[in-house]
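See structure below.
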Amino acid sequence: MSGRRSGYADTGQAAVLALGVVAVAAAGVVGTGVLGGVANDAARARTAADAAALAGVMGGRAGAASLAAANGGVLIRLVERRIGSANEVIVTVRVGSAESTARATSAS
């Protein structure tokens, strides 16, 4: 006797296992792509916010909005205030789903 029950076939089980492995791998690839896109948006938002803050010190809202757009972002908020003889600008910029805030101060 061979140990196998007659009438039962093991064929096809490897295909189901392989399909499961492929599905898990595909989910991992998609997840990595999504996380990579979010990280890219965050990095671009930081760059755009830094540029917008520096431009905002010299060129006000128009300069900040222009440099945010040049870096792929949208100026969400700009706050200007005077600190002694220096100007301070705080901006928030959105790129994709990420937002970043930056501050710049003019030399006194």
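Close Cβ contacts (under 6 Å, 6 or more residues apart or on different chains) running from residues in the stretch 36-49 that are at positive phi to residues that are surrounded by fewer than 13 Cβ atoms within 10 Å (Cβ to Cβ) and at pLDDT 90 or above are absent.
Among the residues of the stretch 45-73, those identified as crowded, with 16+ Cβ neighbours inside 10 Å, among the hydrophobic types (A, V, I, L, M, F, W, C) and closer than 15 Å to R94 by Cα are A45, A48, A49, A51, A52, A53, A64, A65, L67, A68.
The residues in the stretch 71-87 that are touching a helix residue (DSSP H, G or I) at 6+ places or on another chain (Cβ under 8 Å) and closer than 13 Å to A53 by Cα can be counted, and the count is 7.
The values are calculated or read from the model by the stated rules, or taken from the named source; none is laboratory data. Computed from a predicted model, the values in this text were never measured in an experiment. Because the Cβ atoms are built from the backbone with ideal geometry, glycine has one as well, and the counts that use them run over all protein chains shown.
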